[in-house]
Structure formats: structure tokens, C-alpha cells
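Undergrad: Would you mind keeping the following structure in view while I ask a few things?
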Amino acid sequence: MGFTVDFSPQALHDLEAAVSEIAKDRPERAESFGIELVDKTDILEKFPFSGNIVPEFGDERIRELHHKPYRIVYEVREKQALVVILRYWHTSRGYIRK
């Protein structure tokens, strides 16, 4: 049995903001890019530790996948068999503040 992937309210807000921003210039691309960002997390159901540890946090449970230009930051809650997507963070914004 695999892990469940869930999305924090902040991650959903980030995702909506990303799609809205892309839609300003490329409405035909916005929806498909949003789907790609969500689909990128599918691997976490079977391989929750596949991402890199987020350097800003230095915590083995807080990891990230990349889908340029976004960092997909997530937390592994191993005892609950749960992965929570915390943020979709555009790399132009620099580091994530703790």
C-alpha cells in the first residue's frame, strides 16, 4: 500500500496563482502546466523520499521535486503514510522562509 498525497491550502493557493499568472500571457498553456505540476507529485505515492531535502529547512521530512521553474515542496509523514504538498514555489522568489 502506498502513501496518500494531499495538498495544503497554501499549496492549492500557490497552484491557482501560478496558473492565473501563466494565463495572462499564455492562456492555452496555463491549464496544462497546472496539471503537470499536480501530476509531478504522483511519484510520491510509491516513492515519498524521492525528492531532495530542502536546503533551507535541513529536515529529512521536508523535500522537494522540481518542475521548472517551480519547486514542489512537500512533507513526508511516514507514520501516517501521508505526503503533504506544502508549496509550489517559483524559483525566481529565492529561498523559502521558515
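No value in this document is a laboratory result; all are computed from the given coordinates. Source: prediction; values computed, not measured. Cβ sites come from the backbone with ideal geometry, for glycine too, and all protein chains shown count toward neighbours.
Undergrad: Exposure proxy check: THR41, THR4, THR91 ranked by fewest other beta carbons within 10 Å? Please list the in-between numbers first.
TA: Working: THR41 20, THR4 14, THR91 11.
Fewest-to-most ranking of THR41, THR4, THR91: THR91, THR4, THR41.
Undergrad: What do you get for the angle between helix 9-25 and the principal long axis of the chain? Use alpha-carbon atoms, 0 to 90 degrees, nearest ten.
TA: 30 degrees
Undergrad: Follow-up question, since we're still on this one. Positive end of the dipole of the chain, charges at C-beta (+1 Lys, Arg; -1 Asp, Glu), about the Cα centre: which of THR4, LEU65, ILE96 has its Cα farthest in that direction?
TA: The one lying farthest along the dipole's positive direction is ILE96.
Undergrad: Between 0 and 90 degrees, rounded to the nearest ten: what's the tilt of helix 27-39 against the longest Cα principal axis of the chain?
TA: Helix 27-39 sits at roughly 0 degrees to that axis.
Undergrad: Give the distance, in whole Å, between the Cα centre of segment 27-49 and the Cα centre of segment 68-98.
TA: With segment 27-49 and segment 68-98 each reduced to a Cα centre, they are spaced 13 Å.
Undergrad: Report, in deg cm²/dmol and to the nearest 500, the calculated mean residue ellipticity at 222 nm for the chain, where each DSSP H run with n ≥ 4 adds -39500 (n - 2.57) and the sum is divided by the residue count.
TA: Details: 2 runs with 30 residues, N = 98.
That calculation yields -10000 deg cm²/dmol at 222 nm.
Undergrad: Something else about it: Name the GluC sites (Glu not before Pro) in segment 35-98 that are in a loop by DSSP and that have at most 16 other C-beta atoms within 10 Å, would you? Can you show the working numbers first?
TA: Working: sites: GLU36, GLU45, GLU56, GLU60, GLU64, GLU75, GLU78; in loops: GLU56, GLU60.
The qualifying sites are GLU56, GLU60.
Undergrad: While we're on this one: Using amide H atoms built in the peptide plane, which far-off residues or other-chain residues are under 5 Å from HIS67 H to H?
TA: Distant-sequence amide H within range of HIS67: ILE72.
Undergrad: Let me ask another. Which is farthest toward the positive dipole end of the chain among ALA18, VAL54, THR41, measuring Cα position about the Cα centre, with Cβ charges +1 (Lys, Arg) and -1 (Asp, Glu)?
TA: It is VAL54, whose Cα lies furthest towards the positive end.
Undergrad: A further question follows. What percent do you get for the relative contact order of segment 1-94 when only Cα pairs under 8 Å and 6+ apart count?
TA: On the way: 139 pairs, mean separation 30.9, N = 94.
It rounds to 33 percent for segment 1-94.
Undergrad: Between PHE57 and HIS90, take the C-beta separation as r, use R0 = 22 Å, and let me know the FRET efficiency to the nearest 0.05.
TA: Details: r = 18 Å, r/R0 = 0.81.
After rounding to 0.05, the efficiency reads 0.80.
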